[in-house]
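See below for the structure under consideration.
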Amino acid sequence: MKKLHLLSNAHLDPVWQWEWEEGAAAAVSTFRAAAEFCEEHDGYIFNHNEVILYQWVEEYEPLLFGRIQRLVQEGKWRIMGGWYLQPDCNMISGESFVRQILLGKAYFREKFGAEPTTAINFDSFGHTRGLVQILQQAGYDSYIFMRLSAAALQGLLPYPDRDLHEALRDLLTVQFHDILPGSSVQNAEEASLRQLGHGLEILARLKARAFFALAAGQPKAAPKEYPVLIYNPHPFAVKGVWECEFMLEDQNWKEEFSMPVVYQDEKRLPCQPEKERSNIPLDWRKRAAFTAELAPSSMNRFDCRIAMLPFKPLTLLKEQNGGFRFETAELLVVINAQTGLMDEYAVRGTAYLHPGAFAPLVLKDNEDPWRMDITAFDEPEGRFSLMNAEESALFSGVKHPLAAVRVIEDGEVRTVIEAVLKYGSSSICQIYKLPKQGTEVEIELRVYWNEKDKLLKLSIPTVLEQGDYMGQTAFGVNPLNREGQETVAQKWISVEDAAQKLAVTCINNGSYGGDFRDGEVRLSLLRSAGYCAHPIGDRPIMPQDRFQPRMDQGERCYTFWLNAGGLADRRARVDREALVHNERPYALSFFPSGEGEQPGPCVILEDDSVQLSAFKKEEDGGGFILRLFEPTGSGGATMVSLPELGIRQAVSLNGFEIRTYRVQLSSRMLEEVPLCERGTLEN
């Protein structure tokens, strides 16, 4: 005889076909009905998870919340899952999963004395491989699912617990599985963007406060100097191109040009002036781009001095033989003047791309935001083509014919080439930033998308036709489909040829989908599905008698960073590179007082690949938590230094392993603790 167990639960989406206020109302009424069932019927037990729903009940109906607390104590109401909410499980980072669990479990322990050991994601659209390690370290033994800031440590300002938690709650909420993929109604999307903006504004204010505290002790600027301070939050040195704007002390009304020249410790750095964001036609506002290496987790000081020139420097790279050929000792790039696409990309003499790279492709699609009927987009609709000079001028807002491919910046640091393309009712401004040092090319797309029932992809045809397709996941790297099916990755993808020991990597700042076949990567950028449309049988997916707004319409911006080289080197470096591009060091032109002492570095990792996933105050206590991750899969070791605390300790990690440490101020040691920060880790 077998027993059949029926588990009572009510699946509640905070937003979907409704906004959050309606979701809160549904949570209150559902929980009230469930409490009545528990109180009236012996043997009936209700189960529910998500913190955000309990918080709404606690705030809007506290008497009901008290009843639920009593029922939990009586064993008639069980706390499930233990997360803040059921997030999207493809697009959020590993640390975001940790924070979902950390805040969720902390809330349920505080309010109900409960800590579930079964994780739950009933309604997320796929599940990242990295969840296995995360759940195990968080104390879960099972999983139910469906659908396959540093200034505080140094005593410069109080740790902003309350503000950070408020911003974190905003972030966790918008990670919901019908918000990130775009399968909610438009009003819910707009409300989520407001909430995300609220959290970002809190963080912007906290970041500025910490920046000024960390700038204490910087010497005063010399006369006619403009200081540029850059804080590197990463525990390793970062080399790159940095940009900063500032105002000259006086307006220059002459026809000459004020040239910003950047120095560090009296050493002149490669630098160039670039177009400032302002459009006032006066030599007054300046934007300097320069190449420099930033010290780890430190404030870095640079000084701009002004050299007067008779005129602004002219661009040097010219079109030859139908293209713009850019060449350094390490890098060769050719941008086709007739197509606006990249025809050559070679690193140290080895070519990695076929001609026509970074072509925007248009494929057939439909109104369904889930597009649950297919696993691949195979039907081509067309592709963007280069504008003519008149179209280019009209699109660019210029009053005379303008070449559709043109050099817009050129100097000691980089050459910047701009191309404008069209398709149907849509347009793209595509920018290539070609470095004078290194091999990483930055590609920016400003897309004006006005299509219906179509999908926009960006094609990168590599020469590695036999290569494997790999992508970053939450605390891991995953092999992705090689036969053209749509796949999901996070901050980067790579094409890796083990036989040739070569790899092409592409980092992004916020695009997740793509496909791969025969060496060609096609990154998914935009669709034009309906809001919350759903196919049912042979019925029309959307009403056919009126205008209906579509998703992803209007202006969208993307940035990609292309690099290539030896397989081992690319795999070791790409994770840190992606982190730096997505968590940029903070630059500001600021005249310090010269008072106080200069703080030293906060955290340093003395290796080339291990990641610092989090450095934060612990949730329940006055100490600090430090979380490390090994991103290459090969395992590694590092020396962790916290100079202000006199801590320097060796740490070893297995491939893709996460380790969490509590900073012990008394013993000046790092003590390994469970991911959820409770107790110590048993050996």
- Requiring at least 3 residues that are closer than 22 Å to E583 by Cβ and of a type outside the set (G, A, S), the strands (runs of 3 or more DSSP E) wholly within the stretch 237-340 are 238-252, 283-294, 298-309
- Note on the structure: Of the residues in the stretch 274-290, those that are crowded, with 19+ Cβ neighbours inside 10 Å and either in contact with a Gly (Cβ under 7 Å, 6 or more places away or on another chain) or among the small types (G, A, S) (or both) number 2
- Of S385, S426, which residue is small (G, A, S), closer than 30 Å to G484 by Cβ and under 27 Å from the mean Cα position of the chain (by Cα)? S426
- Task: Filter the stretch 497-526 down to residues that are open to solvent by less than 20 Å² (accessible area, probe 1.4 Å) and among the charged types (D, E, K, R) and give me whichever is nearest to the chain's Cα centre (by Cα).
- Result: D515
- Any residue in the stretch 6-28 that's surrounded by 18 or more Cβ atoms within 10 Å (Cβ to Cβ): show its pairings with residues that are polar (S, T, N, Q) at Cβ separation under 6 Å, as long as the two are six or more apart or on different chains. V15/S184; W16/S184; E19/N187
- Those residues of the stretch 560-575 that are out of contact with any Pro (no Cβ under 9 Å at 6 or more places or on another chain), open to solvent by less than 20 Å² (accessible area, probe 1.4 Å) and not aromatic (F, W, Y) come to a total of 5
- Candidate set: the stretch 161-178, residues that are open to solvent by 30 Å² or more (accessible area, probe 1.4 Å) and in contact with a helix residue (DSSP H, G or I) (Cβ under 8 Å, 6 or more places away or on another chain); chosen: the one nearest to P233 (Cα to Cα): L164
- Query: How many residues are touching a strand residue (DSSP E or B) at 6+ places or on another chain (Cβ under 6 Å) and either modelled with pLDDT under 80 or under 30 Å from G596 (Cα atoms) (or both) when one looks only at the stretch 130-160?
  - Reply: 2
- Note on the structure: A careful count of residues in the stretch 581-611 that are open to solvent by 40 Å² or more (accessible area, probe 1.4 Å) and under 15 Å from the mean Cα position of the chain (by Cα) gives 3
- Message: Criterion first (open to solvent by less than 50 Å² (accessible area, probe 1.4 Å), under 28 Å from D141 (Cα atoms) and aliphatic (A, V, I, L, M)) does A33 satisfy it?
- Response: no
- Task: Go over the candidates I541, I493 one by one and state the one that is surrounded by fewer than 20 Cβ atoms within 10 Å (Cβ to Cβ), aliphatic (A, V, I, L, M) and in contact with a Gly (Cβ under 9 Å, 6 or more places away or on another chain).
- Result: I541
- Item | Residue among D13, D42 that is of a type in the set (D, E, K, R) and within 31 Å of the chain's Cα centre (by Cα) | D13
- Message: Residues to consider are A529, A614, A578, A533; find the one that is within 30 Å of P355 (Cα to Cα), of a type outside the set (F, W, Y) and open to solvent by less than 20 Å² (accessible area, probe 1.4 Å).
- Response: A578
- Message: Which pairs turn up if I take residues in the stretch 156-168 that are part of a loop (DSSP other than H, G, I, E, B) and look for partners that are at pLDDT below 75 and surrounded by 15 or more Cβ atoms within 10 Å (Cβ to Cβ) with beta carbon separation below 7 Å, at least 6 apart in sequence or on another chain?
- Response: L157/A151; P158/A152; Y159/A152
- Give just the number: which of (1) over 27 Å from the mean Cα position of the chain (by Cα); (2) surrounded by 15 or more Cβ atoms within 10 Å (Cβ to Cβ); (3) under 30 Å from L248 (Cβ atoms) does A346 not satisfy? (3)
- Okay, strands (runs of 3 or more DSSP E) sitting entirely in the stretch 35-146 with 2 or more residues that are within 30 Å of A614 (Cβ to Cβ) and either in contact with a Leu (Cβ under 8 Å, 6 or more places away or on another chain) or among the charged types (D, E, K, R) (or both), I get none
- Note on the structure: Of G382, G397, G424, the only residue that is in contact with a strand residue (DSSP E or B) (Cβ under 6 Å, 6 or more places away or on another chain) and on the phi > 0 side of the Ramachandran plot is G382
- If you take the residues in the stretch 223-236 that are assigned to a strand (DSSP E or B) and within 24 Å of the chain's Cα centre (by Cα), which one is nearest to A578 (Cα to Cα)? N232
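The values are calculated or read from the model by the stated rules, or taken from the named source; none is laboratory data. Please read these numbers as outputs of a predicted model, since none were measured by experiment. Glycine also receives a Cβ, built like all others from the backbone with ideal geometry; neighbour counts cover every protein chain displayed. SASA here: full protein model, heavy atoms, side chains in, ligands and nucleic acids out. Shrake-Rupley method; radii C 1.70, N 1.55, O 1.52, S 1.80 Å.
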